[in-house]
Amino acid sequence: MNKQRRHFADHEKVAILKRHLIDKVPVSDLCDELDLYPNQFYDWLKKFFENGHLAFANGRKSKAVDEAKDQKIQQLQDKLTRKNEVMAELMEALTEEKKGNGELVDFAAVRATITIAQVLALLGFTPRSDHDGQQRGACPLHGSNAGTARCFSVNTNAHTFHCYKCNRSGNALDLWAAANRLTPYDAALDLCQRLNVPLPLLPSPTPANREEEPVATGSSACTIPGAFRGTVIHYPLTRMQRSSKSG
């Protein structure tokens, strides 16, 4: 009657081969102990040596894969850094251009448009408690890291905040400006860009049209209305005209 062959897992086969190769246990003893056929054992041994080089190759491959992965991560980080720098430069240039054009931000409209919940989401604020729109948690301004910190109070209905530790308070725009050390103008511009909200602007003041400008005291020029409305032409007085005028 043929003996039923046992089935061994891969790690068990390696352990059996190790006992023979390292511990010098005879093959006959291992076969008797484990109910193995000798040809079965030598078949394992043959496969072990035929594929042993893969253990070293896999090690090199794994190291190469890790190095390639680290290099890719570093490249992405460098790319992100450059992108942030370019965005910062563009934002600064846009801000200066708007200031130069005399554009006036409608801060009341900004405060009415942007909620404090949106600002808290941008800051990554996680409330410890939330009851009827009244939230408490760690302050994102002075950096309280305690897991149970509740010094920062937010009213999401009134869109206001107050910290009982650093004693800072205000609205959504004030919170973003304080958290990022921005002026109110820059904070409004930054928030609107991040939230994809058009920047509310006040209408530009238009100078009143004038028919004439009074001649300054001591001026040697007269003012004559131009042919077109709002155009003023200055003609200098000659010496003879000044003499006749004084006479």
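Here are a few things to note about the model shown:
- Only one of Val105, Val119 that is at pLDDT below 90, of a type in the set (Val, Ile, Thr) and surrounded by 15 or more Cβ atoms within 10 Å (Cβ to Cβ): Val105
- For segment 59-76, the condition holds for at least one residue, the condition being that it is at pLDDT 70 or above, out of contact with any helix residue (DSSP H, G or I) (no Cβ under 9 Å at 6 or more places or on another chain), closer than 30 Å to Leu191 by Cβ and in a helix (DSSP H, G or I).
- Phe41 being more than 49 Å from the chain's Cα centre (by Cα) and either modelled with pLDDT of 80 or more or surrounded by 10 or more Cβ atoms within 10 Å (Cβ to Cβ) (or both): yes
- All positions within segment 6-29 that are exposed (fewer than 14 other Cβ atoms within 10 Å of the Cβ) and either charged (D, E, K, R) or not in a helix (DSSP H, G or I) (or both): Arg6, His7, Ala9, Asp10, Glu12, Lys18, Ile22, Asp23, Lys24, Pro26, Asp29
The values are calculated or read from the model by the stated rules, or taken from the named source; none is laboratory data. Remember, it's a predicted structure, so these values are computed and weren't measured experimentally. Cβ coordinates were reconstructed from backbone atoms using ideal geometry, including for glycine residues, and neighbour counts include every protein chain displayed.
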